[in-house]
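Undergrad: Sending over a structure as structure tokens; questions will come in a sec.
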Amino acid sequence: MRIWLEDIETGKPAELSYKTTLSAGFDIPCKVVFDEQRGITKVPLVRNSTPTVVSTGLRLRYEATEAEIASGLPFLMLVPRSSSVKHGIRLMNSPAVIDLDYEGEIVLQLQNEHPRHNAIYIGSGESYVQGMFISTVRADFEVVNKIRGKGGLGSTTTTSQEEEPAKQIFKATKVATSKPSTTK
């Protein structure tokens with residue numbers, strides 16, 4: 001399977017890399033376009049305001065065979081870099097999950113939570129988020145009737161149907177056999 005992040009402007013693979021051979025994630029740089037009206041190349045994150053959407057200029061692309069996809073369906077997860085905490089920057093939807101079939105630009109919802117800085121300025125090329133490709137499986141679901149015991153949350157005790165009515169729940173029964181589209 002081949003997965004990459006593409007630069008939206010050039011249509012070419014973005015130049016991203018792992019910092020060390022043991023790094024789990026790779027930095028996702030911010031892309032801030034020069035604002036002629038305000039004359040700045042940095043985006044302010046104002047404390048106690050709504051999250052600011054910051055561009056990355058990237059989109060997810062992949063090539064895979066049906067067999068590769070069936071063996072594990074990957075997705076891109078975005079999480080804050082540890083240095084983001086030092087700067088008081090929070091990724092609002094952390095961890096962010098980006099499915100392979102997402103077509104749009106990857107954007108970051110960042111918020112300033114620094115106790116002393118009213119504004120933090122984000123510039124092009126600065127990284128506050130890292131990406132990780134994670135593999136998962138898809139499941140088929142089937143409705144089953146299950147009787148739950150009176151032990152409450154976390155209890156594995158079950159009772160007979162006379163003591164408590166059956167509740168419909170869903171459970172994963174097996175890995176899905178349906179195949180999603182294989183090229184984006």
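Undergrad: Tell me the strands (runs of 3 or more DSSP E) entirely within region 67-149 that contain at least 2 residues that are out of contact with any Leu (no Cβ under 9 Å at 6 or more places or on another chain).
TA: 139-146
Undergrad: Only one of (1) modelled with pLDDT under 90; (2) within 30 Å of Ala139 (Cβ to Cβ) is not met by Lys86, so which one is it?
TA: (2)
Undergrad: A further question follows. Is there a residue in region 124-132 that is surrounded by 11 or more Cβ atoms within 10 Å (Cβ to Cβ), of a type in the set (Phe, Trp, Tyr) and either in contact with a Ser or Thr (Cβ under 6 Å, 6 or more places away or on another chain) or at pLDDT below 80 (or both)?
TA: Taking region 124-132 first, the residues surrounded by 11 or more Cβ atoms within 10 Å (Cβ to Cβ) are 124, 126-132.
Checking the rest, the ones that are also of a type in the set (Phe, Trp, Tyr) come to 128.
Applying the additional criterion that residues be either in contact with a Ser or Thr (Cβ under 6 Å, 6 or more places away or on another chain) or at pLDDT below 80 (or both) yields 128.
Within region 124-132, one or more residues are surrounded by 11 or more Cβ atoms within 10 Å (Cβ to Cβ), of a type in the set (Phe, Trp, Tyr) and either in contact with a Ser or Thr (Cβ under 6 Å, 6 or more places away or on another chain) or at pLDDT below 80 (or both).
The values are calculated or read from the model by the stated rules, or taken from the named source; none is laboratory data. Quick caveat, the model's predicted, so the values are computed rather than measured. Please note: Cβ atoms are built from the backbone with ideal geometry, for glycine as well, and neighbour counts cover all protein chains shown.
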